[in-house]
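Q: Can you read through this structure? Questions will come right after.
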Amino acid sequence: MAHAATHDHHDHHGAPKGFFQRWVMSTNHKDIGTLYLIFSLTMFFIGGAFAMVIRAELFKPGLQLVQPYFFNEMTTMHALVMIFGAIMPSFVGLANWMIPLMVGAPDMALPRMNNLSFWIMPFAFILLLSTLFMPGGGPAGGWTMYPPLSLQGESIAYTIFAIHLMGISSIMGAINIIATILNMRAPGMDLLKMPVFVWSWLITAFLLIAVMPVLAGAVTMLLTDKYFHTNFFNAAGGGDPVLFQHIFWFFGHPEVYIMILPAFGIISEIIPTFARKPIFGYRAMVFAIASIAFLSFIVWAHHMFAVGLPMGAEIFFMYATMLIAVPTGVKVFNWVSTMWGGSMTFETPMLFSIAFVILFTIGGFSGLMLALAPADFQYHDTYFVVAHFHYVLVTGAAFSIMAAAYYWLPKWSGNMYSETWGKVHFWSSVISVNVLFFPQHFLGLAGMPRRIPDYNVAFANFNMISSIGGFWFGASQLIFLGVVIHCVFFSKKRAADRSWEGARGLEWTVPSPAPFHTFDVPPVIHDDELAHGNTEH
Amino acid sequence: MHAVTDAGTEARRRRARRTALIAGVVAVAIFVLSILQALNA
């Protein structure tokens with residue numbers, strides 16, 4: 001692979017000098033990626049602050065700190081902010097930064113739309129968060145917005161408009177990613193030579209285009225039911241509230257995979273690097289991601305087992321859901337097989353990746369338990385569900401994002417982060433996150449409902465342990481913030497172009513930090529230097 | 001936006017705009033269909 005430095009020094013095309021021109025008017029994929037990552041980190045701490053309120057209230061039985069309505073606002077906002085503000089934009093940020101570098105493209109295919117899709121996001125979230133300060137308060141009916149409960153507050157119109165804006169942003173981002181991957185690859189970068197991260201994002205982008213408009217349709221109908229006297233979901237007018245649940249979860253289940261497929265891609269980049277082996281079963285990994293994406297469209301009603309579905313539907317959705325374990329198992333097997341016999345080292349990105357494989361699998365197993373329709377009647381709406389999806393989304397999605405940040409920070413900033421503090425962050429996070437979420441399995445199995453500010457004294461001990469873990473995990477993320485700031489602004493240790501010994505792929509052929517413009521002239525692709533080895537063999 | 005002079009890259013950008021247009025039309029169609037199917041429910 002030709003060293004890209006030969007065509008990376010374009011001083012006459014450097015970054016704009018003014019702050020406004022550089023960041024607000026940016027059409028550069030790296031700058032927009034940075035904006036997405038800063039935005040998502042900010043939202044991560046805002047959503048985390050809401051979680052701290054929840055755990056503080058649940059520290060002891062009885063109403064302690066906040067009123068029940070405010071508690072419900074916190075659970076609703078925590079979910080909306082973390083899903084749409086933290087996890088999704090951070091993956092889009094990683095896609096913006098890395099996809100053009102990985103496929104040898106000079107930028108995203110539609111740079112101006114890229115700018116627009118980012119700058120919609122801050123306005124959407126200012127709108128959403130502003131509802132907390134409005135008369136009547138913010139949305140408090142849960143992030144699922146089931147009618148008629150969600151229609152009781154006046155802030156629903158603001159929430160729906162914010163969701164529309166987030167959806168438009170996500171769809172534009174997805175369109176840009178698809179257009180970039182399908183059209184902007186360097187000559188010779190065939191589809192089955194692309195890194196798994198790029199594949200995972202291509203499939204995720206198709207999922208986004210397929211389901212975000214469905215969410216937009218669902219919330220539009222909520223809006224017309226509330227303000228224009230339609231009766232889509234109003235039983236008194238001949239509508240059906242369960243119809244909303246079907247439409248919402250037709251979006252909502254693929255949404256779960258939108259938040260985990262890019263994580264699979266990240267882990268599939270990091271494990272080969274630190275095991276110093278090409279990934280085991282490259283094609284199987286790609287087909288497994290595609291299979292999971294396909295299956296995600298036919299499992300939505302497993303969120304609704306307790307609503308009263310026909311027996312045939314319960315059985316269909318139960319077995320369809322359990323099928324997802326097959327391609328997911330293929331992926332876990334291949335990650336373990338990649339490590340097997342490898343010359344492994346345990347830098348911070350690898351530690352987070354190994355924790356991902358183990359802890360995400362725990363979340364997967366509890367998901368299988370929830371997939372069993374008869375058992376789900378017992379687990380439904382309990383803390384077991386809360387434990388399950390936090391294992392998937394925190395130790396899964398969020399851990400993969402942290403792994404990615406440590407892995408690519410040297411390429412982004414040109415500096416090495418502090419490995420010592422990175423490891424302190426990892427061990428503090430991995431212990432505290434289990435103290436936080438593992439006891440919630442026991443609470444759920446014992447019958448503690450989710451979304452309540454007060455509970456039976458029988459649940460006191462596990463709740464106190466969970467809250468201690470929550471405060472500890474929250475504090476641990478301040479270490480992450482410190483490591484990132486130190487690395488970007490103060491670190492004296494310069495990163496090599498190929499920052500990790502075992503790293504392969506186009507992104508490691510450009511200098512560190514990556515120049516403002518890369519691959520103005522498409523690079524020459526040599527199969528033996530591909531991210532996952534020569535896949536022809 | 002950085003001016004790209006490479007002819008191959010420009011051709012790829014043109015194809016990308018067409019791909020984006022198709023994807024955008026699909027997204028709008030799904031939005032409309034999601035409401036139409038609820039009207040028929």
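Every read-out reported here was derived from the displayed coordinates using simple, explicitly stated rules and does not represent laboratory data. For clarity, every value in this text was computed on a predicted model and none was experimentally measured. In this analysis, Cβ positions are derived from the backbone assuming ideal geometry, glycine residues included, and neighbour counts consider all displayed protein chains.
Q: Cβ-Cβ under 9 Å, sequence separation 6+ or interchain: first residue in segment A:517-531 and within 13 Å of chain B (Cβ to nearest Cβ), partner part of a loop (DSSP other than H, G, I, E, B) and of a type in the set (Lys, Arg). Which pairs?
A: A:Pro522/A:Arg185
Q: Among the candidates A:Ala86, A:Ala56, single out the residue that is of a type in the set (A, V, I, L, M) and over 22 Å from the mean Cα position of the chain (by Cα).
A: Unique residue meeting the criteria: A:Ala56.
Q: Residues in segment A:449-457: is at least one among the basic types (Lys, Arg), crowded, with 20+ Cβ neighbours inside 10 Å and not in a helix (DSSP H, G or I)? Steps first, please.
A: Of all residues in segment A:449-457, those among the basic types (Lys, Arg) come to A:450-451.
Of the ones still in play, those that are also crowded, with 20+ Cβ neighbours inside 10 Å are none.
There is no residue in segment A:449-457 that is among the basic types (Lys, Arg), crowded, with 20+ Cβ neighbours inside 10 Å and not in a helix (DSSP H, G or I).
Q: For segment A:299-390, please list each of the helices (runs of 4 or more DSSP H) lying entirely inside it that holds at least 3 residues being under 30 Å from A:Ser418 (Cα atoms) and not small (Gly, Ala, Ser).
A: Details: elements: A:311-323, A:325-339, A:348-371, A:373-379.
Once the helices (runs of 4 or more DSSP H) in segment A:299-390 are filtered for at least 3 residues that are under 30 Å from A:Ser418 (Cα atoms) and not small (Gly, Ala, Ser), what remains is A:325-339, A:348-371.
Q: Are any of the residues in segment A:471-493 more than 24 Å from the chain's Cα centre (by Cα) and within 30 Å of B:Ala7 (Cα to Cα)?
A: The answer is no, given that none of the residues of segment A:471-493 is more than 24 Å from the chain's Cα centre (by Cα) and within 30 Å of B:Ala7 (Cα to Cα).
Q: Among the residues of segment A:218-234, which ones are part of a helix (DSSP H, G or I) and either facing chain B (nearest Cβ under 9 Å) or of a type in the set (Val, Ile, Thr) (or both)?
A: A:Ala218, A:Val219, A:Thr220, A:Met221, A:Thr224
Q: Let me ask something else. So in segment A:188-211, with the set limited to residues that are within 13 Å of chain B (Cβ to nearest Cβ) and farther than 17 Å from A:Pro262 by Cα, which one is surrounded by the most Cβ atoms within 10 Å (Cβ to Cβ)?
A: My answer is A:Met189.
Q: For segment A:235-249, does any single residue satisfy the condition of being aliphatic (A, V, I, L, M), more than 11 Å from chain B (Cβ to nearest Cβ) and farther than 11 Å from B:Ser34 by Cα? Break it down stepwise before answering.
A: Here is the first cut: in segment A:235-249, the ones aliphatic (A, V, I, L, M) are A:235-236, A:242-243, A:247.
The next check asks that each one be more than 11 Å from chain B (Cβ to nearest Cβ); those that pass are A:235-236.
Still in the list and also farther than 11 Å from B:Ser34 by Cα: A:235-236.
Yes: one or more hits.
Q: In segment A:366-409, what count of residues is obtained for those that are buried (at least 24 other Cβ atoms within 10 Å of the Cβ), of a type in the set (Phe, Trp, Tyr) and under 22 Å from A:Met448 (Cβ atoms)?
A: Within segment A:366-409, residues that are buried (at least 24 other Cβ atoms within 10 Å of the Cβ), of a type in the set (Phe, Trp, Tyr) and under 22 Å from A:Met448 (Cβ atoms) number 3.
Q: Moving on to the next point. Restricting attention to segment A:168-187, which residues are more than 9 Å from chain B (Cβ to nearest Cβ) and part of a helix (DSSP H, G or I)?
A: Selection gives A:Ile168, A:Ser169, A:Ser170, A:Gly173, A:Ile177, A:Ile181.
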